[in-house]
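*Asks:* Following this message is one structure expressed as C-alpha cells.
Values in this text are rule-based calculations from the coordinates and carry no lab data. Note that the structure is predicted; figures quoted are calculated from it, not measured. Reconstructed Cβ throughout: ideal geometry from the backbone, glycine too, with neighbour counts over all protein chains shown.
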Amino acid sequence: MRISVQSNRFAIALFIIVSIALFSNVRAQAADLANDEELAYSIGIQAYIYGYPMMDLYRTLYETSLDPKRGHDRTINEFFFFRRLVTHEDDWVVTPNEDTIYHRAFLDLRLEPIVLVIPEMGERHYWFPIGDMHHNFDGHLSWDTVGSRGGAFALCPPGWQGVLPDGVERVDVSTPIIWVIGRYAVDGVADIPAATALQDQTHLILLSKWGKGKTPQPEINVSDYPVFTRNDLTDATKYFTTLNELLRMTPRNLHPVDIATFGWFREINLHPSQQFDMKSLSPESQRGLERAAAEGHRIISERQKRFVPIVNNWQLARLDPDMSDEFLISAGAAMLGLLYNPKEVSTYDVTFFDGNGQVLDGTNSYTLHLDPPPPVNALWSLSMYSGETMRFIQSPINRYSTGDRTEGLIYGEDGSLSITMQHEEPTDPTQRSNWLPAPKGPFYLVLRHYSPQAPIINGDWLPNAIEKK
C-alpha cells in the first residue's frame, strides 16, 4: 500500500511537471505571435498612443530639468520660476499663454512626500494644477479652491503612510513622479514685480526637511533617469524602450486601464514586468513597431485638430481631470498644449479654421465678433500661434494675444468686441486698435477662459465663427 501511494505521488508530480512545461510552452507560443509584423504593428499603435502623454511629459521633464544641453538652472524637486511673460522666442512649451507667469516643477516622490507652500495671495488669482505622468489631475490648489490664504500641502505618493506635521494638508497623487505648474495672473508687464515677489515666497520642501529652516536640496543623480528628447518621440527603439522603463519608475497602482492594456504589451515584451529590448524581437516585430511609431505620431497629430466637440469650427475643450482612458483625446490634448488645465481651472476654445472650414492664413483678413465676451470669474484672452511652430508670432506691436485686460480695445455700445486678424496693419482706426497680428502663413487661435462661469461649462455661451472678409 505504501509503495502504491508513493507511485501515485510520483505520477501526480510528473503530471504537474509536464503540465507546467506544456503551459509554459503555450505561453511561449503566444508570445511568439508577435513575430507577425501586423500584430506587432497593431500593438505598437495602441502602445504609442496610450503612452504619448507620459512620453511627452517625460520628454519635457528631461529637457527642462536634466538635459545638460539646455542650460537650465533648476532640476527635479525644485521650481523653475519664469519671471516674465512668454514671447515668440520661447520654445520650452507649445501653445503658451500670455496671461500668467509660470513656475514649473517635476517632482520625484519615490523616497518621500514633498510639501508645496503657497503664500497668502490677496486678490491675485492663482492656479496650481497637480498632474500625474499620464496627464490626469490629482487636484488643483487655486484661488477658487483654497482662497487667498494659501497654505502648506504635502504631495504624497501612492501607498505612502505617515504622519504629517500640524498645519500641513495631505494631497494624494496617483504616480510617484508628478508635475506641478503654478500660474499667477499678471496684468501686463507693469504687474510682474508684484507677482514675482509672490513667487519668491512659493516653496517646495522635502517632508524630512520640514521645520528645519532653509536647507539645500539633495543632489539629483541624472544617470537615474533615461535620456529622452523631442527627436526620440518618433524613434521606435527609444520610444518603446523608455516607455517600458517609465512604467516601472512611476507606476499607477492597479489602475484598470493599465491592467487591460498591459495584457497586449506582453506580446512584444513591453509589459513593465519585462525588459523591453528592440533588438531581441524578430525582424518582423521590429518593422511593425517602427511603422507604429511613425503612424501613431501621425494619427495623434491629425486627431489634435478634432479631439473635442466642434461648434462653429471651434474645438470646445472642457477637459475632465481624468482622461487617460480616452487614449486619443488625451494624446491629442497633450500634443496640442502640454500641461493644459482641467475645466475647473480653465477652459479653451481652439480653432484652425474660419467659418467656411478653410485653414486660417494671415494673407487673408478675419474678424471674430464676441457678443458678449466670455463670462469668467478671473480673466479671458484670445491668443494666436504659428501653424508651423506652435509658438507665438513676432509682430511689430508685440501683441501675441488680446483680452479683457488689453489696453486700448474699442468695444461696441452693447459691450461686444470685434477682433481683426491679418498680417498687414489695418488702416481703419477701430480695426487697428483691435488688431491681433497674424503671420504670412497658417495660424491657429486659442480662446482661454480662466475660472469660467457656468454658461461656458454648460454650453450656454459659445464662440462665434471666424468671419473671412
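*Asks:* Would you calculate the separation in nanometres between label points at ASP91 and LYS214, each defined as 7 Å from the Cα along the Cα-to-beta-carbon direction?
*Replies:* 3.5
*Asks:* A further question on this structure: Test of understanding: extend the Cα→C-beta vector of HIS203 to 7 Å, then name every residue of the stretch 130-167 with backbone N under 13 Å from that spot.
*Replies:* Output list for this probe position: 151-153.
*Asks:* In addition: Given R₀ = 60 Å, FRET efficiency for LEU111-ASN364 by Cβ-Cβ distance, to 0.05?
*Replies:* Taking R0 as 60 Å, the efficiency between LEU111 and ASN364 is 0.60.
*Asks:* Per-residue HN-Hα couplings for the stretch 157-170, Karplus 6.51 cos²θ - 1.76 cosθ + 1.60 at θ = phi - 60°, whole Hz, x for Gly and Pro?
*Replies:* In residue order, the calculated couplings are x, x, x, 5, 10, x, 9, 9, x, 4, x, 10, 8, 8 Hz.
*Asks:* Sticking with this one: Only loop residues by DSSP count here, and only those with at most 13 other Cβ atoms within 10 Å; note down the GluC sites (Glu not before Pro) in the stretch 87-160 that meet that.
*Replies:* Here the sparse-neighbourhood loop sites are GLU89, GLU120, GLU123.
*Asks:* In terms of the Cα gyration tensor, with a ≥ b ≥ c the square roots of its eigenvalues, is the stretch 328-469 rounded because a/c is under 1.5, prolate because a/b exceeds b/c, or oblate?
*Replies:* Taking the square roots of the gyration eigenvalues as a ≥ b ≥ c, the stretch 328-469 is oblate.
*Asks:* For LYS440 and MET390 in one chain, what is 0.36 nm times their gap in residues minus the Cα-Cα distance, to one decimal in nm?
*Replies:* Numbers: separation 50, 0.36 × 50 = 18.00 nm, distance 1.45 nm.
That pair, LYS440 and MET390, stretches by 16.5 nm at full extension.
*Asks:* Rounded to the nearest 0.05, what FRET efficiency is calculated for ALA260 and ASN231 with R0 set to 30 Å and r the Cβ-Cβ distance?
*Replies:* 0.45
*Asks:* Work out, step by step, the length gained on full extension between ILE457 and ASP224: first 0.36 nm times the residue separation, then minus their alpha carbon distance; give nm to one decimal.
*Replies:* 79.6 nm
*Asks:* A follow-up question, please. Give me ASP428, ASP354, ASP325 sorted ascending by neighbouring Cβ count inside 10 Å, so fewest comes first.
*Replies:* Neighbour counts put them in this order, fewest first: ASP428, ASP325, ASP354.
*Asks:* Also: Run the numbers for VAL163 and ASP36: contour at 0.36 nm per residue of separation, minus the present Cα-Cα distance, in nm.
*Replies:* Gain on stretching VAL163 to ASP36: 40.5 nm.
*Asks:* Simple spin-label model, 7 Å along Cα-to-Cβ: SER148 to SER280 in nm?
*Replies:* 6.0
*Asks:* Continuing with this model, one more query. In the structure shown, do any of LYS305/LYS468; LYS305/LYS343; LYS69/LYS209; LYS343/LYS469 have a Cα-Cα gap over 27 Å, and if so which?
*Replies:* Correct reply: LYS69/LYS209; LYS343/LYS469.
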